[in-house]
Each structure stands twice: as structure tokens, then as C-alpha cells.
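Trainee: Below is a structure I'd like to ask you about.
The values are calculated or read from the model by the stated rules, or taken from the named source; none is laboratory data. In this text, all values refer to a predicted model and were calculated from it rather than measured experimentally. A quick note on method: Cβ atoms are made from the backbone with ideal geometry, for glycine too, and the neighbour counts reach across all protein chains shown. Note: accessible area is taken over every heavy atom of the protein model, side chains too, but ligands, DNA and RNA are not part of it. Shrake-Rupley method; radii C 1.70, N 1.55, O 1.52, S 1.80 Å.
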Amino acid sequence: MNSETLNTLDTYSKNKYKYGFVTEIDNDKPQKGLNEDTIKFISLKKNEPEWMLEWRLKAFSKWKKMKDPKWSNLSFPKIDYQDIYYYSAPKGFDKKPKDLSEVDPKLIETYNKLGIPLEEQKVLAGVAVDVVFDSVSVATTYKGELEKLGIIFCSIGEAIQKHADLIKKYLGSVIPPGDHSFSALNSAVFTDGSFVYIPEGVKCPMELSTYFRINAENTGQFERTLIIADKGSYVSYLEGCTAPKRDDNQLHAANVELIALEDAEIKYSTVQNWYPGDEDGKGGIYNFVTKRGLCAGKNSKISWTQVETGSAITWKYPSCILKGDNSIGEFYSVAITNNFQQADTGTKMTHIGKNTKSKIISKGISLGKSQNTYRGEVSFLRKAEKARNYTQCDSLLVGNQCGAHTVPYIESKNNTAVIEHEASTSKINEDQLYYCRQRGLSHEEAVSLIVNGFCKQVLQELPMEFAVEAQKLVSISLEGSVG
Amino acid sequence: MNIQDNYQKNKKNIFFSENNDVKSHREKLIDIFENDKFDKKNNESIKNINLKNFLDFKYRYLAPEETSLISNNNDNNYSIVSVNGQCSSFKDDKIEITKILEEDYNDFSENNTIEKNEHFVNLNSLFLNCGFKIVIKKNNNIKIKISNIVTDDDLTIFQKNNFICEEGSSLNLIEEYENKNNSTSNILNVIKLEKNSQLNHFLIQDNSPSHNLIVTSHSSCKKDSTYTQKVYNFSEGYVRNFHFSELIEINSEVDLQGIFFLKDNNTSNNKTFVKHLAENCKSNQVYKGILNDRSKATYFSNTHVDQVAQKTEGYQLSKGILLSDNASFFSKPELKIYADDVKCSHGSTIGPIDENAIFYLRSRGMSKIAATKILISSFINEELNSISDDQMAEIIQKKLVRYLSKVK
Amino acid sequence: MFLEIKDLSVKIENKNILKSLNLNINKGEVHAIMGPNGSGKSTLANVLAGKEDYEILNGKINFKDNDLFDLNIEERAQEGMFLAFQYPVEIPGVNITPFLHSAINSKRKRMNEDEIDNLSFAKLLKSRASDLGINIDMLKRSVNTGFSGGEKKRYEILQMSILNPDLAILDETDSGLDIDALKIVTDGVNKLKTKNNSFLIITHYQKLLDYIKPDYVHVMVNGSIVKSGGSEIAAEIEKDGFQKFQ
Ligand SMILES: Nc1ncnc2c1ncn2[C@@H]1O[C@H](COP(=O)(O)OP(=O)(O)O)[C@@H](O)[C@H]1O
Ligand SMILES: [Mg+2]
């Protein structure tokens, strides 16, 4: 970390939760609660074709029969699904603005505060941003350039109208609506999210990116993202989010589906720093995310990288189904919990095809009164000849009121496959702290430095734009609980 | 026959049925059985087994005709032949053996915190029909060998034993299970180590395919005590080894190790669980398995470190070798840590025998099968070499050779 | 007085290690401490640097007009105390360059000096590294991680030369170095030496003292200094070992 980062760190720590402000924009939303009418309202608002509504209703009828998953290491009050708004769109955005000047200036201001000014971002980072504000996609930049290559990058709503064939073929193909209650719920009520299609042989020349924010009070956020990488293509996708400070717990249940065909590669990175609740455990986001990638074709590759520092509760297992022979799945994760946060996160690598490989690197850091669990499953099915997995999960404890837990499930049904798993849990190394302080660094700086070093293996997997922000986030998350 | 009927019909035959505390405890257990959905997805401890065989069974117990034999070979060496889970009483200045008592039953059912959802422990408590208690008196250093014999087909043995090592005592305990008949033994060992005591516990399991063996142990260690358990499972029938340990006072240690050798259609379920409840304790959980043919195994390990258990060192290792494309192994090495000054780790590998090593040995002129056998032996070399008792080492070696002779 | 250690007794885990130790160092002086293994040399260095595991039974230490025990580890460092560790710890994932950059700036901050910016720091680091025969590629690595014994020692000296301490304590920096490396390292020390800084050099071989000329040599045995004098003592030890001091 350079001194600039340390400086920024300083300003950050003074700001507490910097992103905790609320933008005042009128919301156009239906009544609270979940029923067929809510779903019809959403579908109508989004101008959806009949088949989509039917798809949603089917998912809804499945959801009604389902129970929420059993929570092993999480505890929180029961979710009242009837006390949530399922649709909220900033007024006047039923029709998309043609360019940024048509966007509500307040919204632009919000993004400026977040440090992602759209105008500059276009030029500076070369990132095409599909901004989701609450649930409606407001601006998409760089579209032209991508279009030339045949790349489709738009809101899922737009894709439903314009690319029905792809949606019909792939939506729900990796995460079936009936998979579990949150996937059913999301399938019934998702309002927006991103859609990406990379045509055969195309290497997407820039990082595609979305910033999510939850804004309106009591609004559940149900994104749906679908990324398809056709044969021989490549795409790197970034997802980052910050949420305004709120006292009421807010539910988030996103679904992300990735499909990599033969020789294709998808890299999906997330930095998640949603409002985690305050020092007393009040407020914060409930983050129940289903992310799953299918390596459908031979030699395909899907790589998940995540830095999870936010949310009151995180329940998230980005997974890979390694179906194509020689396909590769990777999972790199940093999860930091502080105060009363609870995280139960990890991955699932299902080896189906021959010669499939997976790698899991997970770094958990627990502080305060938080509980941090790594839960991961690696399984080799009968046909997964010569498959390989390497897993390493390390936990660091800072303070003696938190918990760090490691729950791996390891199964092999093939006698040519090899699984290797290593894990460790320890407190921060005293000798390292002493060494850093002997060189003049404060205790807090030393902890931040060592923890960042501990996470390095994961952070270096992030694209440059995110790596710096992620380092800052790691440091911010440690704030207040050391010394 | 279902649990409720079995119990009502055979009450007379079951220990402590007249005692009111026991009665009410058992009613609760019956409730649990009636209400549990035996959902394998949410209760992993019943993964890979046909529960029906164990829940829907014909209860039958026969008291042995001859009293079980105890011989004191020389001053510090005892041999016990326990027939159908019974052992006659015995007392000298070093040890005392009695039948299991009501108070032991109640003590366990009240204080048992870690095996609450263990159906097999509950079955054992419900149908208890035999068992004994051995107390090793203060500062004695002795060796006991117990052969567990089941006499008839169709017997259902529900046995609870208590082992108590008094302060400063040291016990070498070897238990043999070698049964050929079509019966089921469900054994629960409750083990208590007082201050500064030591128990080296060996379990040699070698039953025929028709015999089911369920062994559960619950050990608790006080200050400066050490419990070491080594399980050698060569059984051709179903074996379930579930071993729980609690380190309740400072400077205590527990070491739970096991090796198992499976073939044909056999299944083995294994679990070790160590709960660190005091400072400065150490634990070790190491299981290794070799699986041939269509065999299946599970191994759950768990290190739980309580908030007060600072300076804990906990280690886990599980290793599985799959010799055939139809064998499967599931492992779940878990860490649950609520204290910060700890060093805990686990490692786990599953895979075939190292191809490169086979190639190397073959290039030295060895046949593939010979190479395989050598590599299997070396896989468990450490465990075999650590057996200090020559007689036992020889017994284990013979069983290994027998297993290897079937490896093709 | 620059550094004054008076009657220092230190205990760790029920073991008395330093026993009524006295030592005075003035500005501009180079002191060497020699003593057999286990005599407490590293303990003294760590107590000076402020390592927290020790129990101070008795004594006072004055450093630049401060009661040393009033300062924590990093404050001592920022005041100009530097310890080149006998066994530098590996810190995986923490890159050398930003690590040292933060270190130098925290010292400058305490001294009310301007922070040094990225570019000038990179220049400084590069030039000092090449003086010490350190490959530029090494500066991309993590602190001490995967370094050979000699590399670790060189990197300690590099840090010393960047941080420019008032009091540098070198704990067996010579051990593990071959003769060429020893020359480079001692050159580095000699270059840094001025009228205003002091060195405390811990070693148990005389070799190092052929390259760095000490003003005083102290013999430490069993937790106290049993003899002090000039460099002739080093020669005595070289000839007869520590035997006669015990
Ligand atoms: N952390 C510690 N715990 C217990 N004993 C220690 C510790 N550190 C040092 N010692 C003991 O203190 C004595 C002095 O050690 P040290 O200062 O390292 O000697 P030297 O550097 O002169 O070789 C030795 O006997 C050593 O074993
Ligand atoms: Mg030393």
C-alpha cells in the first residue's frame, strides 16, 4: 500500500460509512407485499411479453410451496415477505434517457459522491457502466463500441424484449427457479440487472461493470444477471455496490447466471461493501445471493473473485458446474466481518467432466462480535476422470469475541481424481506486528498492512480498477476494532 | 418393528426400566424418533446408511450363560472376555469392575451436550441391555485387554461402558471386536480422565460382513490428562466410529486417530469431534482410509474452540485413497472457533495411489500390484510404526496382509 | 547522555535473563556487545525496541531525554531507534516498497517533516539498494518472504539506511553473511555513521569488528556486562573464547 492509500484510508476512517447518504428521488412503486398482482404489476411496468409473465408466475407458485433454506451459522429475525416493496423505479425513467444529460442530476450527484462520475469514467477507466439505480437501468455507456463487436450489454429488461431467443434459452438454465426459495423468489420478482452476450470468438476489449445501489426504504432488491460467453470468447465483468445508510434491514436476493461455452472464459469480480449495520448491530443489508456458473463447453473457464466487507448478513456461494471436459473453475474470496456482521460464504465446485480443474482460495477475517464462516463443497462425480481440486482457506481472528468457522464438504466418487484441501485459523501474528511497529508504523497501520498482505492472493486477482478500492475497503473494515 | 413397539414389548429386558428418571428420559427419546424425519440432507451423520435397518429391527437379547472371564495375567495385566456386553464384577487394589449403574445412565443423559442428535446414541440409551464400569484407581499403571464377543445370530446388543481413570493413573486399553454372526452391537463408551491421568485406547475392529458394529465414545479430560485413541478398522461389515471428546480443564490433550480398510460393498461412517473448553489444550484428529471395490466412507471431523479456550492447538487431517472407480469418500473437516489466540488447521486429500510412485517402483522391476501394495502400506506407515506393543503390531500387520491379498 | 541503561533486570516466563545491566552510549559512538549464545543479547535489543513479552523487574532506560518505558514500539522507532533483527520475520503479501514508504513517512510525521512522495521515495530506495548490492527485482517482493538468510540481513541494512536512525542496534547482522556480503553491509554501516548517530552492534564473532571499528567493546555473560574496554577485548575473545569471562 502506498502512502496515498494510507492517506485515503485516513479520510475514510474519519468518514465512518461514507456512502451512507440517501438520495431523495420520488419512487413509483406498487403496494407492499408479494402476490400475483405484484408480479403482474412488475411485468406490466417493464413492458414484458406474455411468456415472461408466465415464467414469473410459475416461479412464484414454486416459491409459495418452499421454505427458506436452513441457516446453520446465521441468525436473524424471520423475513416478512409481505412487508417489502418489490418494485421501485425513479419517476420518469419508464423510458430510458438517451444520454446522460437526461438523467436526474441528483442521481449523477449520488454517483459523484460514490466516486464514480459517469462522464469521467467513460474517458478514464474505459469501463462501460450499466448503472442500476434501485431497480431500473438508467444509463448505459460505451454501447456503440461494444455493438460493433456484436457484444450485447444491456439491462435484462431490455434483453427480454430484444433478445427473447437468448433469454428463453438461457434464463434459469443454470439456476432453475425451483432450486431453492431465494432463486424462486428472484425469478418471480426480479426487476432489473444486466445481460451480457459475447459472440463467438470475441474478446471483450474492456471490463464490463455495474454498480448497484439500494435506495428506497423497504425496497428489496432483486437483480438478475445473465452472462453468456459464446465459443472462444472472453469477458471480464465487475460488480460493485454501496448502499445508503438505513436503519431498517433490507433484503437483497440477486441471481447471477454465467454460461461459458467451448473455449470461452468469464471472469466475474465483486466488491461488496453494502451497509453492514452500525456498531450495535442495528440495520444493514441482508444479502442472499445465488451465483452460479456453468462451464458448458470443453476448455471453458469461469473465475469468481469477491471481496465481501459489507452487509449485516451475507449468504453467498458463487459456484461452478464443470461440465465440459478440461474446464476450469476458480474462486477467490476475501470476507471481512466486523461488529455484528454475519457471513456465511464460500463456493461449490462440481466436477462432472474429465480433466476438470478447480482452485479455491478463501481468506476470512473476523473482528468485533462478528461470525465468519467459510462453507465450501467440492465434489468429483463418477465421470470426472483426472479431475483436480486445490483448496486453501485461511482465517484470521482479530479480537476474542468473534468466531471463525470453516466447513468444507469434500467428496470424491472417482478414483483418478485428486482433491487437496488445506485450512488454517489463527490470530494475527505478533512477530509481524512487532516488526512493522519497530519500523515506525502504528498498531492500526500495521494490522491493516498485514491483513492486506494476508488477502493479497485474492486481491491481485481483481482488475486494477477494483484492486485499489478493495485494499481501501479492507482497511476501512478493520477500523475501530484494533488497538 | 418400530421403536415404540420394540421398546414397549421388551421393557422388562431393558436396563433401569423401573427408574422414573430413566423412564421420562426414554419417553423423550421416543418422541424424538417419532418426530424426526430422518432428513439425510440436514443430518449428515446418517449419510450413506440404510437407516431403516437400524430403526426397524427385531430386538433380541440373551444374557450369557457363563459369566464373563476376567483374568489377571500378572500384576498389571488384565484380560477380560466380555460376552454379550457383560462382565462379572471384580475388585482388587488397582481396579474395580461393576455392572453399569443407574446413576451412570442418568449422569450421561443429563450431561451429554454434544451428541444430542445422534440417533445411535439415543437408541443405545433407549434399549440399553448390558455394560460395565471399570475404575482405575489412583496412581496405578495397568493394561487391560477386552475381547467383545457376541454369542448368537440376531442379537441386538446395546451396551454402555464407563471407564474412569482416577488421578495420576495410566491405562493401556485394547479392545477387540471380532464377531462372525449376524448381529448388531451398539456400544457407547463413556470415558473420564481425572487429573494427570493417561489413557491409551486401541480399538481393533474385524467383524464379518453380517455383523454391524456401532461404537460411540464420549471422553472428557481434566487437567494435565491425555486421552489417545487409535482405531483400526478391518471389518467386512458395517462399522460406525463416532468419537467425541471434551477438554474440560487446562493442559489436557486428546488424540483421535483411525485407519480403515474397506472393500466389496462395505460402508464405514466415521466422526471425531473435539470441544476445547479450557486454555492451553491440544487436540489431534487424524483418519486415513483405503477404499476398494464399491465401498463407501464418510469422515467428519470437527474442532470446536470455546471462547475461553485460548492458546488452543488443534490439528486435523483426513486422507483417503480410492483404489477402484466405484468407491467413494466424503469428508468434512470442520473448524468452529470462538477464541482468538489459537492455532488450528486441517488438511484433507482424496485421490488415487500416486501414479508417479507406481511408475517409479515398476521401473525398478516391481509388478504393478506389488507396487500398489507397497504404497498402501507406506500410506499408513506412520500409524503402524507408532504401535509400541509388539503383539498388537503383529496382529495389525496380519490383518493388513489379509486385506492386501484381496487387492487386485 | 544519549542512551543510558541503569540497573536493568528483565524476566520472561519465570526466567531472569538480564541482571542489573548497565550501559551508556553517547552520540557518535559505536559500541559492540559480544557474548556467548543465550547470554541475553537479543533480549537486550528487544527490550530497547519495546517488545511487549518481557517483564521489566527493575531499572531505567533513558533515550534522547525520554524515559524509554513511556514510549511504545512505534514511538521509539519514530524517535530514531532502529533494530536490525537477528531473525527478521516474513510478512507474506506485504510489498517491500510501500511498506518502507509508510515507515519513513510515519517517522517524518512525528518529526514534523513533510512526507516524501512516491517518486522521490522510489528514487531514494533504488539508489540505496544498488549501494547495498540489492537487485531491484527484490524490491517487488514481500517483506522478507522467501529471502535467503543473507538477503534478509541486507534488506535490514537497506531499511536502516533509508530510515537513517539515531541509534541503530544490529543484532548479529553478520551471521549468515559470506565475506563479500559482510563487506557490503559493513560499508553501508560505515557510510551512515556520523557524529550525531550511534551504533550498538551485537555479535559473537570478532570478524565484524574488523570492518566496523567500535569505540567500546562489552562482554556480556549470563545477563550482565562483565567487562568493558576497547577493541583489544575483541582480540582477547577471538583468542581464548568467552571461557575466562564466565
Ligand atoms: N520468549 C522466550 N521465552 C523463554 N525464554 C526465552 C525467550 N526468549 C529468550 N529466552 C531465553 O533467554 C535467554 C537469552 O536469550 P537471547 O537474548 O536470545 O540470547 P542471545 O541473543 O544472547 O543468544 C536464553 O536462555 C533463551 O532461551
Ligand atoms: Mg541473539
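Trainee: What percent of all Cα-Cα pairs in the stretch C:1-141 falls into each 10 Å bin, going from 0 up to the bin containing the maximum distance?
Mentor: All Cα pairs, binned at 10 Å, distribute as 9, 32, 32, 21, 5 percent.
Trainee: Still on this structure: Over the protein assembly as shown, what number does the Rg to Rh ratio reach, with both radii from the alpha-carbon atoms and Rh per Kirkwood?
Mentor: A ratio of 1.02.
Trainee: Quickly rank A:42-52, B:52-62 as a protection proxy: mean count of other C-beta atoms within 10 Å, highest first.
Mentor: On the way: A:42-52: 16.2, B:52-62: 14.6.
Output ranking for A:42-52, B:52-62: A:42-52, B:52-62.
Trainee: Once every DSSP H run of n ≥ 4 in the protein assembly as shown is given -39500 (n - 2.57) and the sum is divided by its residues, what mean residue ellipticity at 222 nm do you get, rounded to the nearest 500 deg cm²/dmol?
Mentor: -8000 deg cm²/dmol
Trainee: Just which residues of the stretch A:412-437 lose 40 Å² or more accessible area with every protein chain there, against their chain alone, with the probe set to 1.4 Å?
Mentor: Hits at the 40 Å² cut-off: A:SER412, A:ASN415, A:ILE419, A:HIS421, A:ALA423, A:THR425, A:LYS427, A:GLN432, A:TYR434, A:TYR435, A:ARG437.
Trainee: Would you mind giving the mean number of other chain beta-carbons within 10 Å of the Cβ of each residue in A:394-401, as a whole number?
Mentor: Mean shielding count: 3.
Trainee: Sticking with this structure for a sec: At what distance in nm do the modelled label points of B:ILE374 and A:LYS203 sit from each other, each positioned 7 Å from its Cα along Cα→Cβ?
Mentor: For the pair B:ILE374/A:LYS203, the computed spacing is 4.8 nm.
Trainee: Counting only other chains, what is the mean number of Cβ atoms within 10 angstrom of the Cβ of each residue in peptide A:448-458?
Mentor: So the per-residue partner count for this stretch is 4.
Trainee: Moving on to the next point. Give the A-B buried accessible area in Å², both sides summed, 1.4 Å probe, nearest 100.
Mentor: Chains A and B together bury roughly 2800 Å² of accessible area.
Trainee: Kindly report the accessible area of the stretch C:3-245 per residue (heavy atoms of protein chains, probe 1.4 Å, no ligands, DNA or RNA), in Å². Working shown, then result.
Mentor: Working: 10540 Å² over 243 residues.
Per residue, the stretch C:3-245 has an accessible area of 43 Å².
Trainee: So, R0 is 56 Å and r is the distance between the beta-carbons of B:GLU102 and B:GLN391; what FRET efficiency does that work out to, to 0.05? Working shown, then result.
Mentor: Details: r = 37 Å, r/R0 = 0.67.
The pair B:GLU102/B:GLN391 has a calculated efficiency of 0.90.
Trainee: Just tell me how shielded C:96-108 is by partners: mean number of partner chain Cβ atoms within 10 Å of each residue's Cβ, no decimals. Don't skip to the answer; put the middle values down first.
Mentor: Values: counts 0, 1, 8, 9, 1, 5, 14, 8, 3, 6, 8, 3, 1.
Neighbouring Cβ atoms belonging to other protein chains average 5 per residue here.
Trainee: Continuing with the same structure: Sort A:277-284, A:189-196 by packing, meaning the average of other beta carbons within 10 Å per residue, with the highest value first.
Mentor: Ranked from most to least packed, the peptides come out as A:189-196, A:277-284.
Trainee: Between beta-carbons, use under 14 Å as the cut-off and find the net charge around C:ILE202, counting Lys and Arg +1, Asp and Glu -1.
Mentor: Once positives and negatives cancel, what remains is -1.
Trainee: Probe of 1.4 angstrom, ligands and nucleic acids ignored: what's the accessible area per residue over chain B, in square angstrom? It would help to have the intermediate numbers written out before the result.
Mentor: On the way: 16510 Å² over 408 residues.
That works out to 40 Å² for each residue.
Trainee: What is the local net charge at B:LYS137, summed over the other residues whose Cβ is closer than 15 Å to its Cβ (Lys, Arg +1; Asp, Glu -1)?
Mentor: With Lys, Arg at +1 and Asp, Glu at -1, the neighbours total 0.
Trainee: What net charge is computed for the residues neighbouring A:VAL398, neighbours being all others with C-beta under 9 Å from the C-beta of A:VAL398, Lys and Arg scored +1, Asp and Glu -1? Don't jump to the answer; show the numbers that get you there.
Mentor: Values: positive: A:LYS427; negative: B:ASP340.
Around A:VAL398, the charge tally is 0.
Trainee: Additional query: Roughly speaking, to the nearest percent, how much of chain B's 1.4 Å accessible area is carbon and sulfur? Show your work: numbers first, answer last.
Mentor: Values: 7340 of 16510 Å².
Percent of accessible area from carbon and sulfur atoms in chain B: 44.
Trainee: With each label point set 7 Å from Cα along the Cα-Cβ vector, what nm distance links B:GLN307 and B:ASP152?
Mentor: With each label placed 7 Å out from Cα toward Cβ, I get 5.4 nm.
Trainee: Students often get this wrong: which residues of the stretch B:387-407 have the backbone nitrogen under 20 Å from the point 7 angstrom along Cα-to-C-beta of B:ALA357?
Mentor: B:387, B:397-407
Trainee: HN-Hα J couplings of the stretch B:190-201 from phi, Karplus 6.51/-1.76/1.60, θ = phi - 60°, integer Hz, Gly and Pro as x?
Mentor: Whole-Hz 3J(HN,Hα) from phi for the stretch B:190-201: 9, 10, 10, 10, 7, 3, 6, 9, 9, 9, 9, 10.
Trainee: Ignoring ligands, DNA and RNA and using a 1.4 Å probe, state the total buried accessible area between C and A in Å², rounded to the nearest 100.
Mentor: Buried: approximately 2500 Å² between A and C.
Trainee: Taking θ as phi - 60°, what are the ³J(HN,Hα) couplings along the stretch A:432-443 by the Karplus curve (6.51, -1.76, 1.60), each to the nearest whole Hz, with x for Gly and Pro?
Mentor: With coefficients 6.51, -1.76 and 1.60, one gets 5, 4, 4, 4, 5, 5, 4, 8, x, 7, 6, 3 Hz.
Trainee: Can you bin chain B into rounded, prolate or oblate? Criterion: square roots of the alpha carbon gyration tensor eigenvalues sorted a ≥ b ≥ c, rounded for a/c under 1.5, prolate for a/b above b/c, oblate for the rest.
Mentor: It is rounded, given that a/c, with a ≥ b ≥ c, falls under 1.5.
Trainee: Now for a separate question. What is the spin-label model distance, in nm, from C:LYS109 to C:LYS15 if the labels are put 7 Å beyond Cα along the C-beta direction?
Mentor: 3.8
Trainee: In addition: Per-residue accessible area for A:GLU411 at 1.4 Å probe radius, Å² rounded to 10?
Mentor: In the full protein context, A:GLU411 sits at about 30 Å².
Trainee: Another question about this same structure. Out of the DSSP beta bridges found with both residues in the stretch B:3-405, what percent are antiparallel (nearest 5)?
Mentor: On the way: 13 of 145 bridges.
In the stretch B:3-405, approximately 10 percent of DSSP beta bridges are antiparallel ones.
Trainee: Report the full-extension gain for the segment C:ASP7 to C:ASN24: residue separation times 0.36 nm, less the Cα-Cα distance, to one decimal in nm.
Mentor: So the extension gain works out to 5.0 nm.
Trainee: While we're looking at this one, here's another question. Quick one: what are the phi-derived ³J(HN,Hα) couplings along the stretch C:233-241, Karplus 6.51/-1.76/1.60 with θ = phi - 60°, whole Hz, x for glycine and proline?
Mentor: Taking θ as phi minus 60°, the curve returns 5, 4, 5, 4, 5, 4, 6, 10, x Hz for the stretch C:233-241.
Trainee: Determine the relative contact order of chain B: mean sequence separation of Cα pairs under 8 Å and six or more apart, normalised by residue count, in whole percent.
Mentor: Details: 1012 pairs, mean separation 34.9, N = 408.
Once divided by the residue count of chain B, the mean separation gives 9 percent.
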